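Below: one structure, written as structure tokens.
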Amino acid sequence: MEFQGIKNWEGLLDPLDDDLRKEILRYGKFVEAAYRCFDFDMSSPSYATCLYPKSSMLTNCGLDKTGYKVVKNLYATCVVQMPRWTKKTFPNLASPQCSWIGYVAICDDAKEITRLGRRDVVIAYRGTATSSEWLENLRATLTCLPDDMTTSNENYDQPMVQSGLLSLYTTNTQCDQSLQDTIREEIGKILDKYSDEPLSITITGHSLGAALATLTACDITTKFSNAPIVSVVSFGGPRVGNKSFRCQLEKSGTNVLRIVNSDDPVTKVPGFVIHDDINDVAERGTTHVASMRMPSWLQKCMEDTQWVYAEVGKELRLSSKGDIATCHDLKTYLHLVTLMKNVQL
């Protein structure tokens with residue numbers, strides 16, 4: 001369970017524990033499967049859907065021996081669409097409003113359950129793939145979480161998250177259920193079915209999927225008072241929310257492990273972060289600001305711009321040695337973890 005973060009991965013990251021490294025790579029393979037299953041062919045009638053049925057999805061991705069089975073496909077709906085004139089001028093930019101974005105899988109192998117000491121539930125998300133999702137990424141100002149995703153606490157301000165991300169998670173249409181509703185419905189069924197067993201829920205993703213993983217974890221721990229241990233293993237994710245959002249995650253006991261490539265610009269956006277420790281600013285770059293250098297009124301004004309984010313969870317920092325072309329690729333992340341080239345924390 002320490003690999004799931006019950007002790008905040010203390011003593012396991014620097015140097016990187018070999019068994020934890022194997023677990024990180026194992027979850028990374030589930031994210032790879034989400035990419036492999038997605039139909040990227042814009043000329044295909046099945047563009048932006050899943051290429052395989054649930055029964056053979058993991059087998060087609062080479063994960064048939066993991067001991068997991070896929071029980072639910074996940075779809076996200078974009079509010080923002082490309083302008084109508086682009087459909088004729090740039091037909092390749094057209095994208096459906098609702099796209100397949102990942103899946104839920106449950107461990108059903110007795111040996112693997114024994115090894116883990118519990119039945120593990122995996123939620124895996126791919127990264128940005130359609131033009132509409134890119135447009136949602138650009139909606140980067142912070143917006144308040146809806147009431148059913150927050151816990152009442154007078155000790156901190158309203159939790160806020162990136163506007164486009166929240167929209168992707170909560171939007172539904174007359175034909176398509178929201179990603180949030182699908183997650184809540186499926187997790188509710190799983191908790192009822194396996195109520196007499198030890199469970200864990202591990203949510204993993206890359207890029208946009210990493211941000212969705214963090215938001216999903218927040219939603220599950222808020223919605224279900226009987227939720228088991230909920231952990232996030234994210235790769236190359238952008239920032240998600242403000243300091244109050246981070247406080248809510250920490251209070252709920254959600255464990256977040258962020259794998260970050262120091263050369264990856266995606267992990268440094270959106271917005272900027274205000275730190276109390278000036279040393280953190282020196283280490284992390286230009287989108288981090290030291291609070292000791294500004295008066296309180298100026299800090300308050302900056303926060304009111306809805307651009308002040310906060311890093312969440314525990315960070316495992318890697319370095320691809322300045323390779324900008326591939327620094328954000330999931331394969332790069334998994335390769336760096338394999339080599340255990342983690343920068344001293």
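The values are calculated or read from the model by the stated rules, or taken from the named source; none is laboratory data. Please read all numbers here as calculations on a predicted model, not as lab measurements. Every residue, glycine among them, receives a Cβ derived from its backbone with ideal geometry; neighbour counts consider all protein chains shown. Surface areas here come from the heavy atoms of the whole protein model, side chains and all, with no ligands, DNA or RNA. Shrake-Rupley method; radii C 1.70, N 1.55, O 1.52, S 1.80 Å.
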(message) Checking LEU51 against (1) under 28 Å from VAL312 (Cβ atoms); (2) of a type in the set (A, V, I, L, M, F, W, C); (3) free of Cβ contacts under 8 Å to residues at least 24 places away in the same chain: exactly one of these is not met. Which one?
(response) (1)
(message) Looking only at residues that are under 15 Å from the mean Cα position of the chain (by Cα) and of a type in the set (A, V, I, L, M) in the stretch 247-275, which one is nearest to LEU145 (Cα to Cα)?
(response) LEU249
(message) If I filter the stretch 135-148 for residues that are under 23 Å from TYR27 (Cα atoms), of a type outside the set (A, V, I, L, M) and within 16 Å of the chain's Cα centre (by Cα), do I get at least one hit?
(response) no
(request) Collect the residues in the stretch 294-345 that are open to solvent by 30 Å² or more (accessible area, probe 1.4 Å), modelled with pLDDT of 80 or more, farther than 17 Å from ARG239 by Cβ and within 24 Å of the chain's Cα centre (by Cα), keeping them in residue-number order. (result) ILE324, ALA325, THR326, ASP329, LYS331, HIS335, THR338, LEU339
(message) Cβ contacts < 7 Å: first residue in contact (Cβ under 8 Å) with a residue 60 or more places away in the chain and polar (S, T, N, Q), restricted to the stretch 131-152; second residue outside any helix (DSSP H, G or I) and open to solvent by 40 Å² or more (accessible area, probe 1.4 Å), any location; separation 6+ or different chain. Result?
(response) THR141/GLN306; THR141/TRP307
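Per-residue answers, yes or no, for (1) over 22 Å from VAL312 (Cα atoms); (2) crowded, with 17+ Cβ neighbours inside 10 Å; (3) of a type in the set (Val, Ile, Thr):
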position	(1), (2), (3)
LEU142	no, yes, no
GLY188	yes, no, no
LEU191	yes, yes, no
LEU199	yes, yes, no
THR202	no, yes, yes
(request) Could you please find all residues in the stretch 204-219 being buried (at least 24 other Cβ atoms within 10 Å of the Cβ) and more than 9 Å from the chain's Cα centre (by Cα)? (result) CYS218
(message) Just checking: which of the helices (runs of 4 or more DSSP H) contained wholly in the stretch 9-124 hold 2 or more residues that are under 28 Å from GLY164 (Cβ atoms) and at pLDDT 95 or above?
(response) 18-37
(message) Looking at (1) at pLDDT below 80; (2) not in a strand (DSSP E or B), which one does ILE274 not meet, given that it meets all the others?
(response) (2)
(message) So the check is Cβ under 7 Å with 6+ separation or different chains; which pairs have a first residue in the stretch 332-344 that's of a type in the set (Ser, Thr, Tyr) and a second one that's modelled with pLDDT under 90 and not in a helix (DSSP H, G or I)?
(response) THR332/SER320
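Within the stretch 247-270, is even one residue surrounded by 20 or more Cβ atoms within 10 Å (Cβ to Cβ), of a type in the set (Lys, Arg) and either outside any helix (DSSP H, G or I) or at pLDDT below 75 (or both)?
Step one: list which residues in the stretch 247-270 are surrounded by 20 or more Cβ atoms within 10 Å (Cβ to Cβ), which gives 248-249, 254-261, 264, 266-267, 270.
Adding the requirement that they be of a type in the set (Lys, Arg) leaves 258.
From what's left, either outside any helix (DSSP H, G or I) or at pLDDT below 75 (or both): 258.
Yes, some residue in the stretch 247-270 is surrounded by 20 or more Cβ atoms within 10 Å (Cβ to Cβ), of a type in the set (Lys, Arg) and either outside any helix (DSSP H, G or I) or at pLDDT below 75 (or both).
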(request) Considering (1) within 26 Å of LYS69 (Cα to Cα); (2) polar (S, T, N, Q); (3) free of Cβ contacts under 8 Å to residues at least 40 places away in the same chain, say which one GLN177 fails and leave the rest. (result) (3)
(message) On the basis of being open to solvent by 10 Å² or more (accessible area, probe 1.4 Å), free of Cβ contacts under 8 Å to residues at least 60 places away in the same chain and within 16 Å of the chain's Cα centre (by Cα), does SER163 make the cut?
(response) yes
(request) Kindly indicate whether SER244 is under 17 Å from the mean Cα position of the chain (by Cα) and of a type in the set (Gly, Ala, Ser). (result) no
